[in-house]
1. Within the set of pairs 6+ apart or on separate chains, which have a first residue in the stretch 64-80 that is without any contact (Cβ under 8 Å) to a residue 24 or more places away in the chain, a second that is more than 15 Å from the ligand (Cβ to nearest atom) and of a type in the set (Asp, Glu), and C-beta atoms under 7 Å apart?
2. Test Leu34 against the criterion of being of a type outside the set (Asp, Glu) and surrounded by 13 or more Cβ atoms within 10 Å (Cβ to Cβ), and give yes or no.
3. Looking only at the stretch 72-82, which residues are β-branched (Val, Ile, Thr) and either within 16 Å of the ligand (Cβ to nearest atom) or in contact with a Pro (Cβ under 8 Å, 6 or more places away or on another chain) (or both)?
4. For residues in the stretch 83-97 being within 16 Å of the ligand (Cβ to nearest atom) and surrounded by fewer than 13 Cβ atoms within 10 Å (Cβ to Cβ), which is nearest to Ala26 (Cα to Cα)?
5. When only residues in the stretch 37-62 that are in a loop (DSSP other than H, G, I, E, B) and within 16 Å of the ligand (Cβ to nearest atom) count, which is surrounded by the most Cβ atoms within 10 Å (Cβ to Cβ)?
6. Going by the conditions given, is Ala69 outside any loop (DSSP other than H, G, I, E, B), within 16 Å of the ligand (Cβ to nearest atom) and among the small types (Gly, Ala, Ser)?
7. Quick check, is Gly20 modelled with pLDDT of 95 or more, in a loop (DSSP other than H, G, I, E, B) and within 16 Å of the ligand (Cβ to nearest atom)?
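The values are calculated or read from the model by the stated rules, or taken from the named source; none is laboratory data. These numbers were taken from a predicted model, which means no experiment stands behind them. Here the Cβ positions follow ideal geometry from the backbone for every residue, glycine too, while neighbour counts run over all protein chains shown.
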Amino acid sequence: MLLITCPHCGARPEIEFRYGGEAHVARPADPATLDDAAWAEFLYMRSNPKGWHAERWRHEHGCGRFFNAIRHTVSDRIVVTYRAGEARPDLATIPGLDTP
Ligand SMILES: [Zn+2]
């Protein structure tokens, strides 16, 4: 079982959390001007990397808040979590990212 550290509550078992998709996907600045292809791009297209990925998570059975995590998509290892609204940490400054 994974232990995920909620930035508000601390480490908790993974069953308390729900995955919320890719983090830092910005809403269009002027949605009324988007055509169907641009809406499809915003709604459905994600990076889906094999490696480190910034993701949104929700502590559904805890504080209920959204936060972000940097997780390796192969090993499920999470190296950092941070509050929603905070900037994505510079991956070069996080130790241990060279190993999944
Ligand atoms: Zn929490």
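1. Arg71/Glu55
2. Yes: the conditions hold for Leu34.
3. Of everything in the stretch 72-82, those that are β-branched (Val, Ile, Thr) and either within 16 Å of the ligand (Cβ to nearest atom) or in contact with a Pro (Cβ under 8 Å, 6 or more places away or on another chain) (or both) turn out to be Thr73, Val74, Ile78, Val80, Thr81.
4. The selected residue is Gly85.
5. Once the filter is applied, the top-ranked residue is His59.
6. yes
7. Spelling it out, it is not the case that Gly20 is modelled with pLDDT of 95 or more, in a loop (DSSP other than H, G, I, E, B) and within 16 Å of the ligand (Cβ to nearest atom).
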